[in-house]
1. What helices (runs of 4 or more DSSP H) completely inside segment 112-216 contain at least 2 residues that are closer than 23 Å to TYR86 by Cα, basic (Lys, Arg) and modelled with pLDDT of 90 or more?
2. Would you point out which residue out of LYS111, LYS158 is crowded, with 18+ Cβ neighbours inside 10 Å, touching a residue at least 24 places away in the same chain (Cβ under 8 Å), touching a strand residue (DSSP E or B) at 6+ places or on another chain (Cβ under 9 Å) and among the basic types (Lys, Arg)?
3. Any chance segment 106-129 includes a residue that's in contact with a Gly (Cβ under 9 Å, 6 or more places away or on another chain) and basic (Lys, Arg)?
4. Show the residue pairs that are 6+ apart or on different chains and have beta-carbon atoms under 7 Å apart, the first residue being within segment 69-82 and without any contact (Cβ under 8 Å) to a residue 12 or more places away in the chain and assigned by TED's automatic domain parsing to the domain that holds LEU52, the second being surrounded by 12 or more Cβ atoms within 10 Å (Cβ to Cβ) and small (Gly, Ala, Ser).
5. Would you pick out the residues in segment 182-216 that are within 17 Å of the chain's Cα centre (by Cα) and over 16 Å from VAL4 (Cα atoms)?
Amino acid sequence: MNKVYFLDINNLKKDFTYEEIYSKVSLYRKRKVDKLKFEKDKWLSLGAEYLLIQGLKEYDIDYSKIEIGFVKNGKPILKHCPKKLYFNLSHSEEMAMCVISDSEVGCDIQKVVNKEKYLEIADHFFHPEEIQMIKNANEKEKKELFFRIWVLKESYIKAIGKGLKMPLKDFRICFENNNPKIFNNDDVLEDRFLIEEKELKKLGYKSAVCIKKYNK
């Protein structure tokens, strides 16, 4: 079971002052926000945790009574939570994203923007087969495919808790009947995790969620 939430930061600004949202978030978030230079980034960071606060209400959990902790790999967890839940946050441009699950989870959202050097970025970070996939796409699809692969890869490394410690070249995304699959460098299917895309196409964003499968 998992729930995914999105928030346009502009709508948050209409409903709350900065101080009101700041007062609701965790000490960890406050410290993180205080280090950010730009107001836009501060709002995005606050908005992502606001989604978590609101999402946990659906589980009858009072956010003020729990804490944000970290496992040894640096991945944030919910401490003193009455239910065993996992979460992950992401944000980009004007959108924040949150996923809450009863299994280990990761998410990522990216605005599809005009990156002139996205092929160079892919050459540096992506698996050779992903690079070739992008190069084989028609010109109109190259950029969309780049961001599609990017969020799928990011959601996976966030789900397994390795973040930047795991090179993006160490695994690849492929598509079977347009459905994303994860393979390692030995071409072995990573079937412990379910990776799926969340539709935000009309808003010009790509987003993805990666969830550890339940034990059967």
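The values are calculated or read from the model by the stated rules, or taken from the named source; none is laboratory data. Everything quoted here is computed from the prediction, not taken from an experiment. All Cβ positions, glycine included, derive from the backbone under ideal geometry; neighbour counts span all protein chains shown.
1. 139-159
2. Numbers: LYS111 fails: crowded, with 18+ Cβ neighbours inside 10 Å.
Sole residue among the options that is crowded, with 18+ Cβ neighbours inside 10 Å, touching a residue at least 24 places away in the same chain (Cβ under 8 Å), touching a strand residue (DSSP E or B) at 6+ places or on another chain (Cβ under 9 Å) and among the basic types (Lys, Arg): LYS158.
3. yes
4. Pairs found: ILE77/GLY69.
5. Matches in segment 182-216: ILE182, PHE193, LEU203, GLY204.
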